[in-house]
Structures are given as C-alpha cells and as structure tokens.
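Shown next, in structure tokens, is the structure this report addresses.
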Amino acid sequence: MPKNGVSIFACLACFKLPSMAASSSALSFTPSPKPAAAAPVAKPPRKGIEFLLPEAVVTEIKTRALQRGITATVLLLEVLRDAGYPVTNADFTDLRKLPRR
C-alpha cells in the first residue's frame, strides 16, 4: 500500500472512461472467418499382390529399407521404377500417414 494509504485500484476507480455503448465509433468484434478445411487427399488406387521370394531376398529387402528409413513397399517401387515400370510420384504416398475416413 502506498504511503498515503490509497491503493492503485482506488485511484483507477476515479478515472471515468467514456461509455462506448452509445458511441457510434464503438469497437465491434467480428470473428475472422475460419480457414477452409483442406481438401481430402485422394488415395491412389492400390491392389495387393502376393508372391514367394527366397528368404535371403526378403531379408535383404527389409534390411535395405530399414537402413534407409523407408518401407519395403517404397524400396520395391523404386526398383520397379528404375527397371522401367510405370511408377509415378503419387505411388510413393505412404497410405498410413493419410487421414482416415
């Protein structure tokens, strides 16, 4: 408490602020529009295929994918693309990271 015994809050109460309710220049709050939701990412069509490979080849695929920090699917897509198969950049989309429906 100050020396004169009057608190800062009591001093602030002495000041009168003009009423903004009747004023035409009163501030109005207009909420900003919400950003449009991002369009859902279309999942590229996929089709499963199953085949048997020698154990040493499967182990090598998994090991190389792990070393590079990618999935075995991405590794195989790279190999197929490099061999001339029609693999596009969209094919490399990791479906596990897309939002679920």
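Modelled this way, with points 7 Å down the Cα-to-C-beta line, the labels at residue 78 and residue 52 are 2.9 nm from one another. Site pair residue 93 and residue 60 shows an inter-label distance of 3.2 nm when each label is modelled 7 Å from Cα along Cα→Cβ.
Let me make sure I get this right: for the range 47-96, a, b and c are the square roots of the gyration tensor eigenvalues over alpha carbons, sorted descending. Under 1.5 in a/c it's rounded, otherwise prolate if a/b > b/c, else oblate. Which is it? Could you put the intermediate results ahead of the total?
Numbers: a/c = 1.60, a/b = 1.32, b/c = 1.21.
Note, shape of the range 47-96 comes out prolate.
Electrostatic bookkeeping for residue 61 treats Lys and Arg as +1 and Asp and Glu as -1; over the other residues with beta carbon under 14 Å from its beta carbon, the sum is 0.
Every number here is computed from the coordinates shown, using simple stated rules; none is lab data. What you see is a predicted model; the values in this text were computed from it and never measured. For neighbour counting, all protein chains shown are included, and Cβ atoms are generated from backbone atoms with ideal geometry for every residue, glycine included.
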